[in-house]
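I have placed the structure first, in the form of structure tokens, so that the comments after it can refer back to it.
The values are calculated or read from the model by the stated rules, or taken from the named source; none is laboratory data. Only a predicted model underlies this, so the values are computations on that prediction, with no experimental measurement involved. All Cβ positions, even for glycine, are placed from backbone atoms using ideal geometry, and neighbour counts span all protein chains on display.
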Amino acid sequence: MAATPEPATGTAAGREPRGTLSIRTVCMPADTNPSGDIFGGWLLGQMDIAGGVFAAQTAQGRTATVAVDAMVFRKPVHVGDVMCLYTDLVRIGTTSIAVRVEAWVVRQNVGARILVTEGTFTYVALDDQHRPRKVETPPAA
């Protein structure tokens, strides 16, 4: 994958991550593809976990992934990068929750965060019989 030059500020066009930090993990050698970069499927899985945590909190119960939309892999991720996954609510439907997930890294644990991947994940709220259920809107803070 060809990488675009990183902005001088280290962030995506000088902006900060959108949403709440949901997961932070270190990228390890076991997570690499044959080229030595972190495997996109591993990254996608981490993003799904982060989005699922956010969706379950929002739905106040069990959820399941039903769609992954608009994934953009912007930059490669390297062994030793600290992966920071941020989640933010896009919308709440009758039974579904759309969550924006941004993956940012800190290279070798130093420097500014760099946006490497982003996407929108949709989850459906489930009842005890694993059927879709209505999402109760969380109380306003």
Practice problem: Collect the residues in region 107-133 that are at pLDDT below 95 and closer than 20 Å to A30 by Cα, keeping them in residue-number order. | Solution: R107, Q108, N109
Quiz item: Checking A8 against (1) under 19 Å from Y123 (Cα atoms); (2) of a type in the set (A, V, I, L, M, F, W, C); (3) loosely packed, with under 15 Cβ neighbours inside 10 Å; (4) at pLDDT below 95, which test does it fail?
Solution: (1)
Exercise. Assess whether A125 counts as being farther than 21 Å from L21 by Cβ, among the aliphatic types (A, V, I, L, M) and in contact (Cβ under 8 Å) with a residue 60 or more places away in the chain.
Key: yes
Exercise. Please give the number of the condition G45 fails out of (1) closer than 26 Å to E16 by Cβ; (2) touching a Lys or Arg at 6+ places or on another chain (Cβ under 9 Å).
Key: (2)
Quiz item: Which pairs do you get when a residue that is farther than 20 Å from R62 by Cβ and part of a strand (DSSP E or B), found in region 84-113, comes within reach of a residue that is among the aromatic types (F, W, Y) and at pLDDT 95 or above, reach meaning Cβ atoms under 6 angstrom, with the pair 6+ apart or on two chains?
Solution: C84/W104; E102/Y86; R113/W104
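At pLDDT 95 or above and either in contact with a Leu (Cβ under 8 Å, 6 or more places away or on another chain) or of a type outside the set (A, V, I, L, M, F, W, C) (or both): which single residue out of A56, A98, A67 fits that description? Show your work before the answer.
Details: A56 fails: either in contact with a Leu (Cβ under 8 Å, 6 or more places away or on another chain) or of a type outside the set (A, V, I, L, M, F, W, C) (or both); A67 fails: either in contact with a Leu (Cβ under 8 Å, 6 or more places away or on another chain) or of a type outside the set (A, V, I, L, M, F, W, C) (or both).
Of the residues listed, the single one that is at pLDDT 95 or above and either in contact with a Leu (Cβ under 8 Å, 6 or more places away or on another chain) or of a type outside the set (A, V, I, L, M, F, W, C) (or both) is A98.
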Practice problem: Kindly provide the set of residues from region 19-55 that are farther than 22 Å from V79 by Cβ, surrounded by fewer than 18 Cβ atoms within 10 Å (Cβ to Cβ) and free of Cβ contacts under 8 Å to residues at least 60 places away in the same chain, ordered by number. | Solution: V53
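Could you tell me how many of the residues in region 70-83 are in a strand (DSSP E or B) and surrounded by 15 or more Cβ atoms within 10 Å (Cβ to Cβ)? Give the steps one after another, and end with the answer.
In the first step, residues of region 70-83 are kept if they are in a strand (DSSP E or B); the result is 70-73, 82-83.
Checking the rest, the ones that are also surrounded by 15 or more Cβ atoms within 10 Å (Cβ to Cβ) come to 71, 73, 82-83.
Result for region 70-83: 4.
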